[in-house]
């Protein structure tokens, strides 16, 4: 038989436990601090639950960090909180706040990478979207270990930052931003496309390089396979590609005008004086240009020139090409 004193102590202990549980239950369901306006909460990747709770207090959406941590651990959700941004529009109880943070974060920062942008231009767009500094992105893209970890050639990431619209939480690490873009490239440039490139005598890297030339030469979908065919036909014949965009890329200035001096100045990207493809892609091509590079039109064309309206004239004979060039020069003089 239990002594009366022990029964009293046990009863008192049970009352304390039940009372504490009741208090905790109330506090767990008590709304958080009042919000003057919606608040964006940022959870950093790799943060522990204790750090997260203190950050929530500092960001004005949580009163009791200890209660939040204990509840997260009791429910086994202390390792389920997602990193990213969460828009909190009204006061949430600790229970509601935890439910919110183990759900998907809000994608608040969208960035569009147009087709044909260079790595430097892509980095500038990412930095302008608040996803990291240009220096940080450039450091990563110059790191051989990072390039190797993403399956990229040692020459760099030019050609592999796939143009698309992406949504990133503000706290996304720069290496993850770049990794997502590179993985998107690998999704688009399939093993089947690589096999098709091999049938054309191209390595995957050469196919991407060719696609970047196609991207820079024309914006018209129907012309992309024709441009690819011209360059491949010239490569097979040992003719210089004579691609103006490669010369511009090698010069790396904002001026888009080319002079005779530019075309005669030797350099690895001057495809007027150097045979073959340039040593690296000159831009980040989109899907259509990648597909055109490995599925060129079956045509004998060796030349093309702009018509002045965004389209191009394609020819097989040099005399026809020279006539088309003369026509373009005449139109340019008339428009002046």
First check a/c for region 30-106, with a ≥ b ≥ c the square roots of the eigenvalues of its C-alpha gyration tensor; if it is under 1.5, answer rounded, and if not, answer prolate when a/b is larger than b/c or oblate otherwise.
oblate
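Rounded to two decimals, what is the ratio between the C-alpha radius of gyration of region 257-321 and 2.2 N^0.38 Å?
That works out to 1.33 for region 257-321.
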Where the Cα atoms of region 191-301 are projected onto their three principal axes, how long is each span, largest first, in whole Å?
40, 27, 23
When the chain is fully extended, how far beyond the present Cα-Cα distance does residue 82 get from residue 328, taking 0.36 nm per residue of separation?
82.8 nm
If I take every Cα pair under 8 Å that is 6 or more residues apart in region 191-301, average their sequence separation and divide by the length, what percent do I get for the relative contact order?
41
Any chance you could give the angle, 0 to 90 degrees and rounded to 10, that helix 65-74 forms with the longest Cα principal axis of the chain?
90
Rounded, prolate or oblate: which one fits region 60-152, using the alpha carbon gyration tensor with axes a ≥ b ≥ c (rounded when a/c is under 1.5, else prolate when a/b beats b/c, else oblate)?
prolate
Mind pulling the per residue volume of the convex hull built on the Cα atoms of region 109-188? Å³ is fine.
80
How much mean residue ellipticity at 222 nm does the chain get from its helices, if each DSSP H run of length 4 or more adds -39500 (n - 2.57) and you divide by all residues, to the nearest 500 deg cm²/dmol?
-15000 deg cm²/dmol
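Report the gain in length on full extension from residue 133 to residue 145: 0.36 nm times residue separation, minus Cα-Cα distance, nm rounded to one decimal.
Value of the extension gain: 2.3 nm.
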Once the principal axes of the Cα atoms of the chain are found, what is the range along each, listed largest first in whole angstroms?
115, 45, 32
Spin-label zone in region 231-266 - amide nitrogen under 20 Å from a point set 7 Å from the Cα of residue 298 along the C-beta vector
231-237
Using per-residue counts of other Cβ atoms within 10 Å, averaged over each peptide, order 274-283, 207-216, 310-319 from highest down.
207-216, 274-283, 310-319
If each residue's Cβ is checked for other Cβ atoms within 10 Å, how do 193, 181 rank with the fewest at the top?
193, 181
Could you tell me how far the Cα centroid of region 125-197 sits from the Cα centroid of region 205-284, in Å?
23
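No value in this document is a laboratory result; all are computed from the given coordinates. All values reported here derive from a predicted model rather than from experimental measurement. Here Cβ is always computed from backbone atoms with ideal geometry, including for glycine, and neighbour counts include all displayed protein chains.
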